[in-house]
Structure formats: structure tokens, C-alpha cells
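To start, the structure itself, in C-alpha cells.
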Amino acid sequence: MPANKRLLILPGDGIGPEVMGEVRRVIDWMEKRRAATFDVKEGLVGGAAYDVHGTPITDETMAQAMEADAVLLGAVGGPKWDDLPFADKPERGLLRLRKDMDLFANLRPAVVFDALADASTLKEEVIRGLDIMIVRELTGGIYFGEPRGIEDLPDGTRRAVNTQVYTTPEIQRVARVAFELAGKRGNRVCSVEKANVMESGVLWREEVQKVHDTEFAGVELSHMYADNCAMQLVRNPKQFDVIVTDNLFGDMLSDTAAMLTGSLGMLPSASLGAVDGSGRRLALYEPVHGTAPDIAGKGLANPLATLLSFAMCLRYSFDMDEDADLIETAARKVLDGGLRTADIMQPGKARVSTSVMGEAITGEMDKLAG
Ligand code: NAD
């Protein structure tokens, strides 16, 4: 029997608890059918934590997150908490998790399921079969660099400054994540920066190349300027396997790539930290979407982004590739079979609720597992 896997589930607000309920269903299925055992703890984050504890995440929950092998989060926020002071806002809970866990690598896959290929705004032949992974550096760069601020100048005008700053260890550690991932996928990494106009881009390019040459020579590496990458993503996205880039460019390019797939309810993500002395890597998995207050509590939410985030958790935190494949294949088959939640509804398909979609996934997993 494999050792217990410590999983902390933080459903959060809005549709978070609804979509996380379907992950629970899949976990139950796996414990019954796959002899996988999870040590699952559940906690509060965001508005839900504020309502009970007066803070968007308690120290106790934070400690549980640091001890867990993986954290699975729904989403946080909503109009109920919009007027809270900055420090109490639901988003602060998520930001503290990301900061304290030092989650420096954000993984955003953009996968087009055949059944949804016509949901994209791009031509079907451009995106059919798309499967790319964007690795964004998440804790450095211009969003954190000093000096920063807005100052009044003597002539009455104002001046704003942000600083793009990267060190070699920051670049090397995210490059390693990208090369390791590529090794499990199409074995190609495209590193993206603006080395033509930014010194931080020159350093980025040199360091990624160094990591490649010394540690990952077997992976194909190319370099591209960020503006060209934005164009290539909408012109011919299938040319990419893994893209690795900094915080600012990654922010934009991952949203561009997300829209190639056409639906927010289908997009998973992972954020990874450093590997510690025992070989454990802190990790947080969450859907890209928010709390969808407009549909919360109505059983309309698409649980697939969260289920696919759990599949990433199985793959990257627990080395359970076969089980991750099972969830992803089940999702593909359910969509091929014509079931749709409201957000991905198409003419002639069957519209189903959050829980019916979840049931269909475990039903399909039943068939696949034989
Ligand atoms: P949103 O992602 O919550 O919703 C945008 C639109 O997409 C809505 O129409 C919503 O109904 C729909 N949608 C989103 N996820 C869906 C799903 N799984 N199934 C079906 N439809 C889905 O973004 P928003 O409306 O800008 O933000 C709402 C709240 O969520 C805000 O409080 C915001 O701060 C918060 N938010 C949280 C996160 C996070 O926790 N990571 C991310 C984004 C937004």
C-alpha cells in the first residue's frame, strides 16, 4: 500500500466549495478503486475564513499548508467582502499562501479538448489538438522589484518607477522546472524574454542556456522575444511545447494561451516551490477561474478546471501519472459524449449540473479502469 499523501483542501468562496465537492467524489473513487490513500485535511481561506476567524487565512491553516504534500484551492473573493480593509480581503489569504510557500513556478497548461475545439475564437485547424504548457516565474521580476513608487517632481509633474530585476538563482530554478516538465512531455522548451532591449532579458537568456547546456542538453531549447511569442501564440500555437518566461511576460502570455482554449471553466494551474531536504516540493493547485458569484450556489459551475488541477496534483506532487491520465481521459470522453455545463454549452449537447458532470467523470473512470 503506498504511503499516505497529505493533501490540504481549501475550497474558499463562491463556487469553490461546489467544484471542490467533485474533487472529493474523485478522491473517494480513487480510494475505493485504486487503493490510493490520501490524508485529507480541509480548511478555510478567503471570505469563508474571514467570516469565522476575522482573517483570510489563520496561522494554523498556513502551518497545515506548509506541512502538506500538496494544497488544492478553489477560489477566493466575492462582493460580500469587497469593502473590507486591504489586509483582510479574501485575496490576501491566497497571496499569503503563495508568498509563504515561496511558489516561484506557475504552470498553466493550455489544452484544447477536441469536443470544444469550436469554442475558441481562433480557427479550428489552428488550435485542434493544442497542448502547451506555460511556466511563469511568479515571485520575482517587475511586480516585486525595488525601487518602486510614484514621486512628485519639483516641476509639479509626477514620476512612476518599477524595476525589473532577476538574479541567477531565480532564473535557474524556474528554468529547471521547465526542462524537467519538457522531459515528461514533448521535450522542447522555448525561453521567452526581451534580450534585445532589456539587460534582465540578456541575463535570462544566458542563464537558461547555461542550465540547458550543463544539466538538460537532451532537451531542445529555443529562445524567442516576448512580442514575437505573443504573435506566434495566436498564429501557430502548436509550434510550442513548454514556454518558460518571467513574471510580467508570463502574466500576459498565459492569459493569451488560456483564451486559445475558449473556456475559463476548463483551465487548471499549478504553482510549485523549491524542493526541500526530504525531496518534498511545496505545491498549490487551483483552477484559473474565480469564485463566479453570479452562478454560485446554483449547481451551474463547471468542475473540470478543478478536477484537472487535481490531476496535475497527482502528476506533479504524487508521481501518479496513470491516475492523472485517468481523470484527463475521463474528462475528454465525457465531453466527447456530449455532456456540457452551462459555460461550455453548445447546440445539440446535453446541459448538466456540477454534480452530474462530476458523476459522469467517475462513471467514465469506472469504465476506463475496467
Ligand atoms: P470569475 O472567474 O469568477 O468569473 C468570470 C465569469 O466566468 C463569470 O461569468 C463566471 O460565472 C464564469 N465562470 C468562472 N468560472 C466558472 C466555472 N467553473 N464554471 C462556469 N462558469 C464559470 O471572475 P470574476 O467575475 O472577475 O471574479 C469574481 C470573484 O472571484 C472576484 O471576487 C474576484 O476577485 C475573484 N477571483 C478569484 C480568483 C482566485 O481565487 N484565484 C481568480 C479570479 C477572480
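The values are calculated or read from the model by the stated rules, or taken from the named source; none is laboratory data. Quick caveat, the model's predicted, so the values are computed rather than measured. Backbone-built Cβ (ideal geometry, glycine too); neighbour counts: all protein chains shown. Keep in mind that these areas ignore ligands, DNA and RNA; they rest on the heavy atoms of the full protein, side chains included. Shrake-Rupley method; radii C 1.70, N 1.55, O 1.52, S 1.80 Å.
Couple of notes before you dig in:
- Tail weight of P(r) past 12 Å, computed on alpha-carbon pairs of region 172-219, percent: 59
- Fraction of the pair-distance distribution of region 272-330 above 17 Å, Cα-Cα pairs, percent: 51
- Shown here for region 42-144: trypsin sites (Lys or Arg not before Pro) in loop regions (DSSP other than H, G, I, E, B) with at most 13 other Cβ atoms within 10 Å, namely K123.
- Residue with peak Gaussian network fluctuation, the chain [Cα springs, cutoff 10 Å], from G250, G43, G358: G43
- Carbon plus sulfur fraction of accessible area for region 135-282, probe 1.4 Å, in percent: 54
- Whole-percent pair-distance distribution, where bins are 10 Å wide, for the alpha carbons of region 305-359: 25, 46, 25, 5
- Taking one quarter of the surface of the C-alpha convex hull of the chain gives a mean projected area of 20.8 nm².
- Euclidean distance of C-alpha centroids, region 330-370 and region 83-146, integer Å: 24
- Each Lys and Arg Cβ is given +1 and each Asp and Glu Cβ -1; about its Cα centre, the chain then shows a dipole of about 680 debye.
- DSSP bridge orientation in the chain - percent antiparallel, rounded to nearest 5: 40
- By average C-beta atoms within 10 angstrom, highest first, the peptides 302-309, 156-163, 55-62, 19-26: 302-309, 19-26, 55-62, 156-163
- Divided by 2.2 N^0.38 Å, where N counts the residues, the Cα radius of gyration of region 131-260 comes to 1.15.
- Between S353 and E42, the contour length at 0.36 nm per residue exceeds the Cα-Cα span by 109.6 nm.
- Cα Rg, Dmax, region 190-284, angstrom units: 15.0, 44
- Taking θ as phi - 60° and the Karplus parameters 6.51, -1.76 and 1.60, the scalar couplings of region 201-213 work out to x, 4, 5, 4, 4, 5, 5, 4, 4, 4, 4, 4, 5 Hz in sequence order, x denoting glycine and proline.
- The HN-Hα couplings worked out from phi for region 10-27 by the Karplus form 6.51 cos²θ - 1.76 cosθ + 1.60 (θ = phi - 60°) are 10, x, x, 10, x, 6, x, x, 5, 6, 6, x, 6, 5, 4, 4, 5, 4 Hz, whole numbers, x standing for Gly and Pro.
- Rounded to 5, the percent of DSSP beta bridges in region 131-260 classed as antiparallel: 20
- Accessible area (Å², per residue) of region 131-260, counting only protein heavy atoms and a probe of 1.4 Å: 48
- Accessible surface of region 1-102, 1.4 Å probe, proportion on carbon and sulfur as whole %: 51
- Length available on full extension from M66 to I150: 0.36 nm per residue minus the Cα-Cα distance, which gives 26.7 nm.
- Dipole in debye (nearest 20) - region 131-260, about Cα centre, beta carbon charges: Lys, Arg +1; Asp, Glu -1: 380
- The chain - percent relative contact order, Cα under 8 Å, separation 6 or more: 20
- Rounded, prolate or oblate (a/c below 1.5 giving rounded, otherwise prolate when a/b exceeds b/c) for region 1-159 by Cα gyration tensor: oblate
- Relative contact order, whole percent, for region 131-260 stands at 37, derived from Cα pairs under 8 Å and 6 or more residues apart.
- Length gained when the stretch V275-K184 is fully extended (0.36 nm per residue, less Cα-Cα span): 31.0 nm
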